[in-house]
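Enquirer: The structure that follows is given in the form of structure tokens.
The values are calculated or read from the model by the stated rules, or taken from the named source; none is laboratory data. What you see is a predicted model; the values in this text were computed from it and never measured. Neighbour counts are summed over all protein chains in view; Cβ atoms, including those assigned to glycine, are modelled from backbone coordinates with ideal geometry.
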Amino acid sequence: MVKDTTKPGSEEKEISKRGLKTEEIIEKATKPKVEEKSKKCIGFQTDIRNPLQSVSNSKLKTQQEVVEKKATQVPKIDLTKKIIELHNDGLTTSKIGLILRSEYKILNVKKYCGKTITLILDENKLTQEIPEDLSALLKRAVKLIKHMKSNTKDMTSKYGYQKTVSKIRRLSKYYKRTRKLPKGWIYSEEQASILVK
């Protein structure tokens, strides 16, 4: 057993030197420590189980984000003309959206002008024969076909090809129903290779 070397009354002397009373020290020790949040949130939704944690999928905006949003004003441009220019340069709808977000700070085209990029291109008759998402799947399928020819024993790529083909067929059914593809359109390896070229 280790003996206490501290003399009785030594603690009280230290407290008296600091100018603190024993009652104040006891109060400080008994008070629960409250965790201060670094960022004050506007419209903060708390969880019942843990009040310091926010509810999942709750879109919260910090004070810094609100100030930054006010500071960064969206420049006034003719969006329809800009989208047509970017489309004529050979960019897809997704890439056009990325450019508008990064350069012109337009996060949502529909909120800015009331129409989506695809609708604006439809009105000006600049849409592609095959939609963007379907064409991306066709490109992936063609790459996998080439890979499977050179690597015949690669079963994972074969399984990946089967999954992409099923996605293509599901999407084609939807686009046939919405009349974006002709009713006689059927997926085949030869047709996919021609379309990708």
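Enquirer: Name the residue that is farthest from L181 (Cα to Cα), counting only residues in the stretch 119-131 that are surrounded by 14 or more Cβ atoms within 10 Å (Cβ to Cβ) and touching a residue at least 12 places away in the same chain (Cβ under 8 Å).
Expert: Only one residue tops the list, namely I120.
Let's see how each residue does on (1) in a loop (DSSP other than H, G, I, E, B); (2) within 19 Å of H87 (Cβ to Cβ); (3) of a type in the set (G, A, S); (4) in contact (Cβ under 8 Å) with a residue 60 or more places away in the chain:
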site	(1), (2), (3), (4)
K105	yes, no, no, no
D133	no, yes, no, no
S157	no, no, yes, no
Q162	no, no, no, no
Y174	no, no, no, no
P182	yes, no, no, no
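Enquirer: Say we look at the stretch 187-197 and pick out the residues that are in a loop (DSSP other than H, G, I, E, B) and out of contact with any Lys or Arg (no Cβ under 9 Å at 6 or more places or on another chain); which of these is modelled with the highest pLDDT? Spell out how you get there, then give the answer.
Expert: Let us first name the residues in the stretch 187-197 that are in a loop (DSSP other than H, G, I, E, B), namely 187-188, 197.
Pick out the ones that are also out of contact with any Lys or Arg (no Cβ under 9 Å at 6 or more places or on another chain) and you get 188, 197.
Values: S188: 93, K197: 71.
Looking at the filtered set, the residue picked out is S188.
Enquirer: So is T164 of a type in the set (V, I, T), surrounded by fewer than 15 Cβ atoms within 10 Å (Cβ to Cβ) and under 31 Å from the mean Cα position of the chain (by Cα) or not?
Expert: no
Enquirer: On to the next question. Determine whether the stretch 96-104 contains at least one residue that is on the phi > 0 side of the Ramachandran plot and not assigned by TED's automatic domain parsing to the domain that holds W185. Before you say what the answer is, go through the steps one by one.
Expert: Going through the stretch 96-104, the residues on the phi > 0 side of the Ramachandran plot turn out to be none.
Within the stretch 96-104, not a single residue is on the phi > 0 side of the Ramachandran plot and not assigned by TED's automatic domain parsing to the domain that holds W185.
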